[in-house]
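Colleague: Quick one: this structure, given as structure tokens, is what I'll be asking you about.
The values are calculated or read from the model by the stated rules, or taken from the named source; none is laboratory data. Please read all numbers here as calculations on a predicted model, not as lab measurements. With ideal geometry, Cβ positions are generated from the backbone for all residues, glycine too; neighbour counts draw on all protein chains shown.
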Amino acid sequence: MDERALIAKSKRGDKAAFEELVRQFSKYVYTTAFFILRDTHEAEDVSQEVFVKVYLSVKGFRGLSSFKTWIRKLTVNTCIDKLRLRSKTKDKKVSLEKITEEYEVVFTRFDQSLEKSFFNKETVKEVLKIVVSLDESYRIPLILRDLQDYSYREISELTGKPIGTVKTNIHRARKIIKDKLKTYR
Amino acid sequence: MNNINKYLKIAKDAVIQPYDDIDKKIINRISNINKRDEKLLDNEFLDYLKKNNSRIYLLIEKIKNNPAFFAALAIAGVFIIVFMAFIFKIFLDEEKIGGDNHQLPSSKDDTQ
């Protein structure tokens with residue numbers, strides 16, 4: 001069943017339809033949260049929180065933007081709030097230790113050119129590993145720009161940094177990835 | 001840098017495989033919603049929902065996110081209007097001249 005039909009049914013209170021939406025988008029929400037927070041437990045908490053919010057408010061969703069866009073922004077906002085809270089309560093060194101956590105990356109879309117090249121797939125996994133290991137000031141703008149399609153302006157508003165700084169940090173993050181990839185090979 | 005952009009583009013389709021059955025956990029959670037969960041719909045969230053349901057807000061956001069594109073579109077629009085006005089003016093002028101030319105022989109006819 002397609003997304004629109006599932007949303008329409010969910011709006012009418014069909015729980016099975018909402019559960020199907022959960023199955024379709026849970027990994028996407030979890031992945032976004034994990035890349036931003038670098039913590040599997042917090043990513044799980046955020047995923048649950050996001051879907052509770054969606055479940056309680058789906059009746060008010062008019063569908064002017066796609067469901068994926070809606071849920072993506074909701075996830076990012078929730079994660080940024082968590083990061084702000086974390087910066088106030090936790091020592092940053094503690095959170096950095098969790099980078100070593102192992103995780104499995106899978107590809108959702110079957111791309112023939114990607115499938116043909118095992119090397120490409122493995123390189124993408126390496127790139128993601130480097131992204132996760134980046135410092136917050138580089139990681140968040142890069143994820144939002146390159147993986148979540150946010151504009152520089154939106155990133156600037158979310159992170160509270162000037163657009164120029166956001167652009168510089170993204171450029172530096174890409175350069176770090178490029179340099180680290182060279183050393184891996 | 002082009003290669004990095006290519007890999008990051010592919011990475012958009014990559015997801016992390018959670019260790020636990022995340023779907024089951026979420027479904028369990030929404031099956032046992034309590035009053036505390038309803039507090040998640042705070043003012044910030046309701047404001048976000050309201051904005052996402054506003055066509056004007058979404059259009060303004062689109063314009064703010066792509067100012068160059070919309071500026072180019074506006075300039076192109078102005079050019080098209082000016083061009084159409086110019087063509088219309090030429091058409092009117094030609095019609096006027098045509099009308100004058102048409103009247104000329106008839107005035108000669110009157111003199112005969």
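Colleague: Could we say that B:L40 is under 12 Å from the mean Cα position of the chain (by Cα), surrounded by 14 or more Cβ atoms within 10 Å (Cβ to Cβ) and of a type in the set (A, V, I, L, M, F, W, C) here? Working first, answer last.
Modeller: Details: under 12 Å from the mean Cα position of the chain (by Cα): no; surrounded by 14 or more Cβ atoms within 10 Å (Cβ to Cβ): yes; of a type in the set (A, V, I, L, M, F, W, C): yes.
In short, no.
Colleague: Considering every residue within region A:80-103, establish whether at least one is modelled with pLDDT of 90 or more and hydrophobic (A, V, I, L, M, F, W, C).
Modeller: Taking region A:80-103 first, the residues modelled with pLDDT of 90 or more are A:80-83.
Right, trim to hydrophobic (A, V, I, L, M, F, W, C) and you get A:80, A:83.
Yes, region A:80-103 contains at least one residue that is modelled with pLDDT of 90 or more and hydrophobic (A, V, I, L, M, F, W, C).
Colleague: Mind checking which residues of region B:15-37 are closer than 19 Å to A:T78 by Cα and either exposed (fewer than 12 other Cβ atoms within 10 Å of the Cβ) or touching a Gly at 6+ places or on another chain (Cβ under 8 Å) (or both)?
Modeller: Answer for region B:15-37, where residues must be closer than 19 Å to A:T78 by Cα and either exposed (fewer than 12 other Cβ atoms within 10 Å of the Cβ) or touching a Gly at 6+ places or on another chain (Cβ under 8 Å) (or both): just B:R36.
Colleague: Please find, within region A:41-61, the residue that is surrounded by the fewest Cβ atoms within 10 Å (Cβ to Cβ) out of those that are farther than 27 Å from B:K50 by Cβ and more than 7 Å from chain B (Cβ to nearest Cβ).
Modeller: Result: A:H41.
Colleague: In this structure, is B:L46 facing chain A (nearest Cβ under 9 Å), within 37 Å of the chain's Cα centre (by Cα) and part of a helix (DSSP H, G or I)? Lay out the reasoning, then the answer.
Modeller: On the way: facing chain A (nearest Cβ under 9 Å): yes; within 37 Å of the chain's Cα centre (by Cα): yes; part of a helix (DSSP H, G or I): yes.
Taking the combined requirement at face value, the residue satisfies it.
Colleague: A further question on this structure: I'm trying to understand the selection: among the residues of region A:152-185, which are out of contact with any helix residue (DSSP H, G or I) (no Cβ under 9 Å at 6 or more places or on another chain), under 24 Å from A:T75 (Cα atoms) and within 11 Å of chain B (Cβ to nearest Cβ)?
Modeller: A:E157, the sole residue that qualifies.
Colleague: Further question on the same structure: Quick one: which helices (runs of 4 or more DSSP H) sit completely within region A:1-70 and have at least 2 residues that are among the basic types (K, R)?
Modeller: Working: elements: A:3-11, A:15-37, A:40-57.
Correct list: A:3-11, A:15-37.
Colleague: Could you list, ordered by first residue, the pairs with Cβ atoms under 6 Å in which the first is in region B:1-14 and of a type in the set (F, W, Y) and the second is modelled with pLDDT of 85 or more, at least 6 apart or interchain?
Modeller: Listed pairs, sorted by first residue: B:Y7/A:T123; B:Y7/A:V124; B:Y7/A:V127.
Colleague: Please go through region A:62-79 and pick out each residue that is hydrophobic (A, V, I, L, M, F, W, C), more than 10 Å from chain B (Cβ to nearest Cβ) and over 12 Å from the mean Cα position of the chain (by Cα). Even if it seems obvious, please write down each step before you answer.
Modeller: Step one: of region A:62-79, the residues hydrophobic (A, V, I, L, M, F, W, C) are A:64, A:67, A:70-71, A:74, A:76, A:79.
Cutting the leftovers down to more than 10 Å from chain B (Cβ to nearest Cβ) gives us A:67, A:71, A:76, A:79.
Selection gives A:F67 alone.
Colleague: Return the residues of region B:7-28 that are within 16 Å of A:K27 (Cα to Cα), facing chain A (nearest Cβ under 8 Å) and in a helix (DSSP H, G or I); say none if nothing qualifies.
Modeller: Matches in region B:7-28: B:A11, B:I22, B:D23, B:K25, B:I26, B:I27.
Colleague: If B:N53 satisfies all but one of (1) at pLDDT below 90; (2) under 25 Å from A:V22 (Cβ atoms); (3) loosely packed, with under 14 Cβ neighbours inside 10 Å, what's the number of the condition it fails?
Modeller: Looking at each condition in turn, B:N53 falls short on (3).
Colleague: Considering (1) surrounded by 19 or more Cβ atoms within 10 Å (Cβ to Cβ); (2) facing another protein chain (nearest Cβ under 8 Å); (3) of a type outside the set (F, W, Y), say which one A:I36 fails and leave the rest.
Modeller: (2) is the only condition that A:I36 fails.
Colleague: Sticking with this one: Kindly provide the set of residues from region A:148-171 that are more than 26 Å from A:Y28 (Cα to Cα) and in a helix (DSSP H, G or I), ordered by number. Please lay out each step first, then the result.
Modeller: Let us first name the residues in region A:148-171 that are more than 26 Å from A:Y28 (Cα to Cα), namely A:161-165, A:168.
Of everything in region A:148-171, those that are more than 26 Å from A:Y28 (Cα to Cα) and in a helix (DSSP H, G or I) turn out to be A:I163, A:G164, A:T165, A:T168.
Colleague: Just a yes or no: is a residue in region B:56-64 among the acidic types (D, E), facing another protein chain (nearest Cβ under 7 Å) and within 22 Å of A:Y28 (Cβ to Cβ)?
Modeller: Step one: of region B:56-64, the residues among the acidic types (D, E) are B:61.
Imposing the further condition that a residue be facing another protein chain (nearest Cβ under 7 Å) reduces the set to none.
No - not one qualifying residue is present in region B:56-64.
Colleague: Run down B:F70, B:F88, B:F83 and say which single residue is within 14 Å of chain A (Cβ to nearest Cβ), modelled with pLDDT of 90 or more and farther than 21 Å from A:D81 by Cβ.
Modeller: Values: B:F88 fails: within 14 Å of chain A (Cβ to nearest Cβ); B:F83 fails: within 14 Å of chain A (Cβ to nearest Cβ).
Testing whether each residue is within 14 Å of chain A (Cβ to nearest Cβ), modelled with pLDDT of 90 or more and farther than 21 Å from A:D81 by Cβ leaves just B:F70.
Colleague: Given the options A:I177, A:I170, name the one that is out of contact with any Asp or Glu (no Cβ under 8 Å at 6 or more places or on another chain) and at pLDDT 90 or above.
Modeller: Numbers: A:I170 fails: out of contact with any Asp or Glu (no Cβ under 8 Å at 6 or more places or on another chain).
A:I177 is the lone residue from the list that is out of contact with any Asp or Glu (no Cβ under 8 Å at 6 or more places or on another chain) and at pLDDT 90 or above.
Colleague: Select from region A:104-147 the residues that are modelled with pLDDT under 75 and part of a helix (DSSP H, G or I) and write down the one among them that is surrounded by the most Cβ atoms within 10 Å (Cβ to Cβ). Don't jump to the end; show me each part of the working.
Modeller: Keep residues of region A:104-147 that are modelled with pLDDT under 75, which gives A:108-119.
Next cut, part of a helix (DSSP H, G or I) only: A:112-116, A:118-119.
On the way: A:Q112: 7, A:S113: 8, A:L114: 15, A:E115: 11, A:K116: 10, A:F118: 9, A:F119: 8.
Looking at the filtered set, the residue picked out is A:L114.
Colleague: Oh, and also: Confirm whether A:Y152 is closer than 28 Å to B:L49 by Cα, among the aromatic types (F, W, Y) and modelled with pLDDT of 90 or more.
Modeller: On the way: closer than 28 Å to B:L49 by Cα: yes; among the aromatic types (F, W, Y): yes; modelled with pLDDT of 90 or more: yes.
So A:Y152 fits the description; yes.
Colleague: Still on this structure, I have one more. Within region A:30-41, work out how many residues are farther than 19 Å from A:R145 by Cβ and touching a Ser or Thr at 6+ places or on another chain (Cβ under 9 Å). Reasoning before the result, please.
Modeller: Start the filter on region A:30-41 by keeping residues that are farther than 19 Å from A:R145 by Cβ, which leaves A:30, A:39-41.
Okay, now just the ones that are also touching a Ser or Thr at 6+ places or on another chain (Cβ under 9 Å), so A:30, A:39.
Summing the residues that are farther than 19 Å from A:R145 by Cβ and touching a Ser or Thr at 6+ places or on another chain (Cβ under 9 Å) in region A:30-41 gives 2.
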